[in-house]
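For reference, the structure is listed below as structure tokens.
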Amino acid sequence: MDFALPDFSKNFEEEKHIQDEDFAYFQDLVLSIAGISLSEKKRDLLKTRLGPYIRDNNHGNYKEYRRYLESLPEEHPEWQNLINLITTNKTDFFREPAHFEYIETKLIPEWVKMGKKEVRIWSAACSSGEEPYTLAMFLKKKLPAGMTFKIMASDIDTNILSRAKNGVYPISKFNEIPEEFQKDSLDMGTGAISEWFRVKKKLKDHIDFKLYNLIEDNLPSDELFDLVLCRNVMIYFPKEVIKIVADKIYKATTNEGCLFIGHSESLQAIKSSWFTAAPSIYKKTATGKRR
């Protein structure tokens, strides 16, 4: 069986120094284009991400790269390169099991009661694809006959989206997937690619991958979503950006819509229209306490 393997970037040494004024520039820049807050504690992270790129692309140093960016028009592809370098992409299959238990025990019965024939879900920071593929595996098995689903999977990073679309993963991630889903969901590599597996096409067909910035003004789709997962993303945002994103997701959901965030995240610090249904789970209707 042949399939394309993902292209992983090399790891490089971090550069030694960045001037305070240059770090402040990149702090403001990353916040404005991606909503990501880079505190002083993230200085080394910025150096690790940008240093090798600056060196390997002959931009000289941080100051010279800054001047280069300042000379570019808004539509220049270098801005996307910068976003790709800065974003963090850490995810797993079947991450945060309580969310999938909630889908099975709470949401699916609600959808059945409402007579839904198709459920629409948004994986709002899909990274390398484990989240939307997990949803597809889970819903394919758990939804009742006669009900189907569509998933929109978005991310701000074009490189990671390419890997997500490919749907190929190292065998080290195989055991993240419960045994009950493995046979029906995965194709195993053989021979030279025996250390890899891929997600079956029948699951991919349910997913539409899309480049999307959560702090953009427009909504990601003309259709509304029944469930949105925006997990382990808001920890990188300042409070004002969290509100922007939470309000946007609210507008993008149906009247009975639901939002999942990461277990280490909360909407408590902002004035939000969402109601708390369970830890890290919010509903649009009044089934819980207003946040």
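The values are calculated or read from the model by the stated rules, or taken from the named source; none is laboratory data. If you're wondering where the values come from, they're calculated on a predicted model, not measured in any experiment. Virtual Cβ from ideal backbone geometry, glycine too; neighbours counted across all protein chains shown. The area values use the complete protein model at the heavy-atom level, side chains included, leaving out ligands, DNA and RNA. Shrake-Rupley method; radii C 1.70, N 1.55, O 1.52, S 1.80 Å.
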Options Leu227, Leu214; residue that is buried (at least 18 other Cβ atoms within 10 Å of the Cβ), under 30 Å from Lys42 (Cβ atoms), aliphatic (A, V, I, L, M) and within 21 Å of the chain's Cα centre (by Cα): Leu214
Candidate set from segment 23-43 (those that are within 25 Å of Thr158 (Cβ to Cβ) and charged (D, E, K, R)); member that is modelled with the lowest pLDDT: Lys42
For Leu259: the one exception among (1) open to solvent by 20 Å² or more (accessible area, probe 1.4 Å); (2) part of a strand (DSSP E or B); (3) closer than 24 Å to Glu118 by Cβ: (1)
Count - residues of segment 27-42 that are under 13 Å from Leu69 (Cα atoms) and in contact with a helix residue (DSSP H, G or I) (Cβ under 6 Å, 6 or more places away or on another chain): 1
Restricting segment 244-253 to residues that are surrounded by 17 or more Cβ atoms within 10 Å (Cβ to Cβ) and not hydrophobic (A, V, I, L, M, F, W, C), the residue that is farthest from Leu107 (Cα to Cα): Lys248
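So that you can scan it fast, the table gives a plain yes or no per residue for (1) closer than 24 Å to Lys183 by Cβ; (2) surrounded by fewer than 16 Cβ atoms within 10 Å (Cβ to Cβ):
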| position | (1), (2) |
| --- | --- |
| Ile86 | no, no |
| Asp92 | yes, yes |
| Pro97 | yes, yes |
| Thr134 | yes, no |
| Lys142 | yes, yes |
| Ala145 | yes, yes |
| Phe149 | yes, no |
Where Asn218 falls short, out of the listed (1) in contact (Cβ under 8 Å) with a residue 12 or more places away in the chain; (2) of a type outside the set (Asp, Glu); (3) not in a helix (DSSP H, G or I): (1)
